[in-house]
Structure formats: structure tokens, C-alpha cells
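The values are calculated or read from the model by the stated rules, or taken from the named source; none is laboratory data. Predicted, not measured: the structure shown is a model, and the values here were computed from it. Cβ: placed from backbone, ideal geometry, glycine included. Neighbour counts: every protein chain shown. Only protein heavy atoms, including side chains, enter the accessible area calculation; ligands, DNA and RNA are left aside. Shrake-Rupley method; radii C 1.70, N 1.55, O 1.52, S 1.80 Å.
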Amino acid sequence: MAKLIITLNGLPVKEYPLQLARITIGRNSDNDIALDDETVSGEHAVIQLKPEPSITDLDSTNGTQLNGNNIGKEPLTHGDIIKIGSHQLTFIDEQAQDFESTVILDSPVVMEGEGNIQGAIKLLNGTKAGEVRKIEKDRTTLGRPGVQAAVIIRQAGGFTLMAVAIGKGEITSQLNGKTLTTEERQLYDGDLIEIAGAQLQFISQTG
Amino acid sequence: MIKVYGKSDTGLKRNHNEDYIGWSEEGGLAILADGMGGHNAGEVASKIAVTTIQQQLLNSALIDSKSEIKNAIDRANEAINYKAKDSLVCAGMGTTVVVVLFNDSHISFGHVGDSRLYRLRDNVLEQLTSDHSLVQEMVDEGFMNQAEARESVSNNVITRALGTDSEVQGEIQQQDISQGDRYLLCSDGLSDMIESTDIHNLMGEASMEVAVDKLIALANVNGGSDNISVILVEIV
């Protein structure tokens with residue numbers, strides 16, 4: 001999905017996922033993206049995702065800049081930088097990024113102390129049914145060697161799960177009845193994981 | 001003394017080359033980096049890595065090669081991380097790196113990510129580095145073998161990179177050398193595309209230039225889905 005990264009004076013303000021076909025930007029609070037900025041007009045600009053992503057300036061007082069140039073209406077491509085008043089909006093089109101390009105799994109910054117989210121896996125079937133195993137590592141592998149594999153990744157804000165393909169083998173592991181992919185999925189308390197015949201439940205608590 | 005020949009190729013599927021290579025025969029040094037990040041930022045990261053490490057190592061006394069390499073990797077990490085924070089377009093960029101220093105009696109080498117160092121000695125090929133990648137961790141845990149790891153669609157996930165965090169842990173090692181040894185530094189655009197038996201056979205080609213050209217050509221014949229970089233070094 002495409003998104004905008006909004007920054008003010010170089011500091012990130014928020015990330016805005018572009019879910020609507022048409023997104024209005026301006027100072028007035030009824031805009032989809034309301035910018036509290038005196039140099040922004042009430043109704044300043046509009047982003048349309050179809051047929052191709054574009055941005056249109058709505059005859060604003062101070063204008064809209066795209067990659068440094070004042071514009072009326074221009075197509076948007078991945079990495080474009082829009083300037084509206086003092087705010088900067090970077091257009092990120094994740095589909096435009098290479099599908100196969102390298103992904104970096106950063107080591108999470110997990111603070112010690114209270115308020116941490118703890119995770120555990122409960123085994124629901126097999127001879128050890130009922131057993132609960134705490135997730136202790138940054139990355140915990142699940143599955144059966146040579147058959148199916150997935151990894152639980154500890155993040156600063158919780159845990160994610162992603163399938164790992166073994167050779168050219170098909171991924172059949174499931175999360176809550178849906179087949180997993182090699183994209184990370186957020187895990188929530190009570191989620192059901194099925195992998196290589198094993199049924200597991202993810203348990204989380206703030207400790 | 002070393003003799004070096006290297007090349008970097010865009011491959012067939014990418015429209016630009018995010019790898020960067022560098023070496024110095026007099027300085028006994030070879031470095032290869034495979035950058036990543038949107039909007040061509042990967043090129044920025046890999047170039048900073050190679051030039052920073054090269055400068056650092058060519059200007060150091062090299063009393064303790066292993067700690068010099070560690071310092072050079074740390075310095076490159078800082079430089080990339082600083083640039084990534086400084087520019088929105090470069091945000092999140094990173095790179096792998098493999099760096100090798102050749103002395104009279106041994107090599108010292110460091111790596112981060114999935115760029116590799118191989119050695120061909122007495123017609124035996126050995127991979128001297130172990131990838132910092134998700135599939136390698138699964139290999140280490142016995143979930144899959146090397147061939148399955150190479151073929152997995154998950155082989156694009158690396159667990160360490162230069163520049164994405166304020167600190168990085170380079171893996172630094174040392175080995176003795178022997179006259180006639182050949183060393184190969186390569187990006188995953190080579191090692192993911194061709195089998196180790198082919199690396200073995202082609203590394204042994206009499207001419208180093210022919211060896212490098214054939215390695216890259218085979219990676220392209222097999223799909224060329226990523227940038228392909230190769231540096232071949234011979235101990236003479």
C-alpha cells in the first residue's frame with residue numbers, strides 16, 4: 001500500500017496510509033490530512049490514487065512544491081517529496097519497491113523493566129499438549145525440519161510471525177486459518193498457529 | 001603479494017547497480033558491499049561503506065589487523081547511519097560488506113550480512129564466512145540444508161546490516177594463507193544464482209579475468225535477478 005511520511009522541520013510527524021482513492025490536504029480540520037500550519041491554505045491540495053497516483057494544488061496561497069518545483073497537477077512516483085507550507089510529505093509506494101529486494105531484520109530495542117510485552121507459545125495438540133513455552137529469543141523458529149518453518153520475531157512493540165520457505169517448498173502454515181506468507185504479520189494474544197500438523201496458541205501479556 | 005581482478009554487473013532484472021567494490025594490490029585489500037534501500041539509496045550506502053573502509057585501512061598502521069577491520073566497519077556504520085538520518089530519501093538504507101586484508105602470512109577478514117568470502121586451496125573450495133541471514137539461522141538450527149536455503153524465497157532476509165542502526169557487530173576472523181590460494185568475494189547476486197560446484201569449477205580457471213567473467217555470465221544465464229559482484233584475489 002502507498003503511504004505518506006509527513007515531517008515538519010525534518011522531524012517525523014506521522015505516517016499516513018493512503019487507503020482512500022482521494023485524500024484532501026489543508027489547514028481546515030475536515031481535511032483527510034489536516035496540517036496545523038499557518039502557511040497552509042484551508043483547502044490546499046488533493047492526492048488521487050487512480051487511475052495513477054497524482055497530486056493537484058487547489059490554487060493555494062503559497063503553492064505546492066513537488067521535488068522543489070511549484071506544480072498544478074503532477075503524477076506521483078515512489079520517493080517524491082511534496083512541500084506544503086512548512087510540512088514535507090514523502091510519497092512511498094511500496095509496490096514500486098523491488099519485490100525480491102533485501103529485507104533487514106533489525107535487532108529490536110527492548111527496554112528492560114515493567115510494561116514489556118511478554119510472549120509465550122502454548123502447545124494445543126500432540127504428546128506435550130498444554131505445555132507453555134516462553135519466547136526468550138529475538139527470533140524463535142517454529143516448525144518441523146525439512147517440512148515447514150516460520151519465525152516469531154520480537155519487536156519493540158510486540159511480536160510478529162512470518163513463514164520461511166524451505167527450498168522451493170510450498171508454505172502451508174496458517175495463522176488463524178489463513179495461509180502465512182513471507183511477509184511479517186503482527187501476533188495478538190490468542191492467535192492460533194498451525195504448522196506442520198502442530199497446533200499452537202500465541203499468548204501475550206504485559207509484564 | 002596479491003593479484004586482484006573484480007567486476008560488478010547490474011544483472012538482468014534490476015535497473016541500477018547497488019553493489020560497490022574496491023581493492024588495492026599494494027595495500028593488500030579487497031572490499032565488496034551490497035546496498036539496499038529505496039530511491040537508489042542502496043548505492044549511496046554501499047559506496048560509503050567501501051570508500052570509508054578503504055580509506056581507514058590504507059591509512060592505518062595495521063599492527064592488529066582484526067581490530068583495524070573492526071574499527072573500519074564501525075566507522076563506515078557511523079557514516080552510513082549519519083547520512084540515513086540526515087536525508088529522508090536515504091532513511092533506512094543499509095548495506096552488507098565483506099572486507100579482506102592480506103598480510104605475508106595470513107588474511108584477516110570481516111563481514112556483515114550475506115556477502116561472502118570463499119577460498120580455493122589445493123582444489124578444495126571452502127566458504128569462510130557464514131551469512132547473517134534468516135535462512136542461515138535455520139540451517140544452523142537444522143531446519144533446512146544449504147541448497148534449500150539458497151533456493152528459498154526467504155533468502156532475501158538478512159539479520160545484520162551496516163548503517164541501519166547506531167551500532168553493528170561485524171564478524172571478524174583470521175586464517176593463514178598459502179601461495180596459490182585464490183579468494184573470492186561475492187554478493188548474493190552470485191551465490192544465490194549459481195551452485196557452489198560451479199563457483200568451484202570457475203574459480204579455478206587459469207586466467208583470473210576469464211574466471212570472473214564466466215562467474216558473472218553464469219549468474220546472468222541463470223536469471224541474473226540481482227546485481228552480481230565478484231572480486232577474485234590470488235596469492236602470488
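Looking at B:178, B:225, just one residue is of a type in the set (S, T, N, Q), in contact with a Lys or Arg (Cβ under 7 Å, 6 or more places away or on another chain), outside any helix (DSSP H, G or I) and at pLDDT below 95, and that residue is B:225. When B:226, B:176, B:181 are checked against the criterion of being open to solvent by 30 Å² or more (accessible area, probe 1.4 Å) and either within 13 Å of chain A (Cβ to nearest Cβ) or acidic (Asp, Glu) (or both), B:176 stands alone in meeting it.
Checking each residue in the range B:56-66 for being farther than 21 Å from residue B:165 by Cβ, open to solvent by 10 Å² or more (accessible area, probe 1.4 Å) and assigned to a helix (DSSP H, G or I) picks out B:58, B:66. Does residue B:166 satisfy the condition of being outside any loop (DSSP other than H, G, I, E, B) and at pLDDT below 95? No; evaluated as a whole, the condition is false for this residue. Of all residues in the range B:9-48, those satisfying the criterion of being away from chain A (no Cβ under 14 Å) and either within 22 Å of residue B:193 (Cβ to Cβ) or in a helix (DSSP H, G or I) (or both) are B:9, B:20, B:21, B:30, B:31, B:32, B:47, B:48. Restricting the range B:141-152 to residues that are surrounded by fewer than 20 Cβ atoms within 10 Å (Cβ to Cβ) and in a helix (DSSP H, G or I) leaves a set whose member that is nearest to the other protein chains (Cβ to nearest Cβ) is B:151.
Residues in the range B:24-53 that are of a type in the set (S, T, N, Q) and over 27 Å from residue B:157 (Cα atoms): B:24 only.
Number of residues in the range B:184-193 that are open to solvent by 20 Å² or more (accessible area, probe 1.4 Å) and out of contact with any Ser or Thr (no Cβ under 9 Å at 6 or more places or on another chain) equals 0.
Report yes if residue A:68 is open to solvent by less than 70 Å² (accessible area, probe 1.4 Å) and at pLDDT below 90, otherwise no. Yes.
Scanning for something small (Gly, Ala, Ser), surrounded by fewer than 22 Cβ atoms within 10 Å (Cβ to Cβ) and modelled with pLDDT of 95 or more, does the range B:30-45 turn up at least one residue?
no
Being charged (D, E, K, R) and within 14 Å of chain A (Cβ to nearest Cβ) is true of residue B:86. All told, residue B:204 meets the bar of being open to solvent by 10 Å² or more (accessible area, probe 1.4 Å) and over 16 Å from the mean Cα position of the chain (by Cα). Of everything in the range A:72-95 that is touching a Pro at 6+ places or on another chain (Cβ under 9 Å) and part of a strand (DSSP E or B), the residue that is farthest from the other protein chains (Cβ to nearest Cβ) is A:75. Of all residues in the range A:13-49, those satisfying the criterion of being open to solvent by 30 Å² or more (accessible area, probe 1.4 Å), over 24 Å from residue A:93 (Cβ atoms) and not hydroxyl-bearing (Ser, Thr, Tyr) are A:27, A:28, A:30, A:36, A:38, A:43. Please work out which residue is modelled with the lowest pLDDT, limiting yourself to the range A:137-194 and to residues that are within 9 Å of another protein chain (Cβ to nearest Cβ) and loosely packed, with under 15 Cβ neighbours inside 10 Å. Here the residue is A:144.
Matching residues to (1) among the charged types (D, E, K, R); (2) exposed (fewer than 15 other Cβ atoms within 10 Å of the Cβ); (3) more than 27 Å from residue B:226 (Cα to Cα); (4) within 14 Å of chain A (Cβ to nearest Cβ):
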{"residue": "B:98", "(1), (2), (3), (4)": "no, no, no, no"}
{"residue": "B:106", "(1), (2), (3), (4)": "no, yes, yes, no"}
{"residue": "B:110", "(1), (2), (3), (4)": "no, no, no, no"}
{"residue": "B:118", "(1), (2), (3), (4)": "no, no, no, no"}
{"residue": "B:123", "(1), (2), (3), (4)": "no, yes, yes, no"}
{"residue": "B:128", "(1), (2), (3), (4)": "no, no, no, no"}
{"residue": "B:131", "(1), (2), (3), (4)": "yes, no, no, yes"}
{"residue": "B:134", "(1), (2), (3), (4)": "no, no, no, yes"}
{"residue": "B:139", "(1), (2), (3), (4)": "no, no, no, yes"}
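A single member of B:21, B:53, B:80 is closer than 30 Å to residue B:179 by Cα, in contact (Cβ under 8 Å) with a residue 60 or more places away in the chain and buried (at least 19 other Cβ atoms within 10 Å of the Cβ), and it is B:21. The single condition among (1) free of Cβ contacts under 8 Å to residues at least 40 places away in the same chain; (2) touching an Asp or Glu at 6+ places or on another chain (Cβ under 6 Å) that residue B:35 does not satisfy is (1).
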